[in-house]
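The values are calculated or read from the model by the stated rules, or taken from the named source; none is laboratory data. Quick caveat: nothing in here was measured; it's all calculated off a predicted structure. Here the Cβ positions follow ideal geometry from the backbone for every residue, glycine too, while neighbour counts run over all protein chains shown. Remember, those area values only see protein heavy atoms, side chains included, never the ligands or the DNA or RNA. Shrake-Rupley method; radii C 1.70, N 1.55, O 1.52, S 1.80 Å.
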Amino acid sequence: MLVDSHCHLNFLDFKDDLDAVITRAREAGVGVMQTICTEMAEFDEVRGIAERYEGVYCSVGVHPNDSGESEIVSAEELIAKTSHPKVIGIGETGLDYHYERTDRELQKRSFIEHIKAARETGLPVIVHTRDADEDTINILTGEMTKGKFKGLIHCFSSSKYLADKAVELGFYISLSGIITFKNAQTIRDALADVPLDRLLVETDAPYLAPIPYRGKRNEPSFVIHTNKMLSHIKSIAEDECAKITTDNFFRLFNKAKK
């Protein structure tokens, strides 16, 4: 079995054929998917999708690009949503300095509230970081001194520095279709020293479709191509890679049922 640890099944890209998308995922061997919340206003819809489909779980959180003054969600608000059995993660949250859509200080405040919720609930914090490696690591390191929490860097597309520091903190690294891109050798190289027992795979669907589907709508069934590339990077068989990343998912997101 494979797990798509991070997708967005509530996005409009899937409004007309979600049943077929889920069916194709299952036919491809993707037995579990986590659909990710990016705004509190969409949480009910995200949770509803998780409730509707067996093997689909969800998170609760606010994406850094949506963490404006009106969306500085409190740890208490996040925690209140986590009693549902299908809510298994906190996020996605983090820092995104690429587009500068949201004030950096607001992003940091929101990020810290999510970490507080992760610490309190024991659920993993799902971290989005783009062009913000140093600040991301500094916040994670500083917050870890206040009490342990667990989490992962999702859609890893950054430096060896980020990968190494995240692993030192006990974090996992989740890989998307980006690692299949021809121009992603630096990213593949950064994974060389990341232990296999810290790696997950994801699609981030509908974005970032892997080769051979690059440029098209991504969907959970395509995670098999990311797994194939990861098995090549780590010089192991595809089925072994699938088993390892699946075991890692359930170890980290231990509220999910196998």
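Which members of the range 156-189 meet the condition of being open to solvent by less than 10 Å² (accessible area, probe 1.4 Å), over 21 Å from residue 134 (Cα atoms) and of a type in the set (Val, Ile, Thr)? Result: 179, single match. Scanning the range 109-123 for residues that are surrounded by fewer than 24 Cβ atoms within 10 Å (Cβ to Cβ) and not acidic (Asp, Glu) yields 109, 112, 116, 119, 121, 122. Against the condition surrounded by 24 or more Cβ atoms within 10 Å (Cβ to Cβ), of a type in the set (A, V, I, L, M, F, W, C) and over 26 Å from residue 26 (Cβ atoms), how does residue 192 come out, does it pass? No. A single entry from 178, 173, 153 fulfils the requirement of being touching a residue at least 12 places away in the same chain (Cβ under 8 Å) and more than 20 Å from residue 38 (Cα to Cα): 178.
Taking into account only those residues within the range 21-74 that are part of a loop (DSSP other than H, G, I, E, B) and farther than 19 Å from residue 102 by Cβ, which is most open to solvent (accessible area, probe 1.4 Å)? Across the range 21-74, the extreme among qualifying residues is 54.
Scanning the range 189-231 for residues that are of a type in the set (Lys, Arg), outside any loop (DSSP other than H, G, I, E, B) and over 18 Å from the mean Cα position of the chain (by Cα) gives a single hit, 228. Restricting the range 192-228 to residues that are out of contact with any strand residue (DSSP E or B) (no Cβ under 8 Å at 6 or more places or on another chain) and aliphatic (A, V, I, L, M), the residue that is farthest from residue 152 (Cα to Cα) is 211.
In the range 130-150, is there at least one residue being of a type in the set (S, T, N, Q), modelled with pLDDT of 95 or more and open to solvent by less than 20 Å² (accessible area, probe 1.4 Å)? Yes, the conditions are met somewhere in the range 130-150.
Looking across the range 87-104, the residues that are on the phi < 0 side of the Ramachandran plot and open to solvent by 40 Å² or more (accessible area, probe 1.4 Å) come down to 98, 99, 101, 103, 104.
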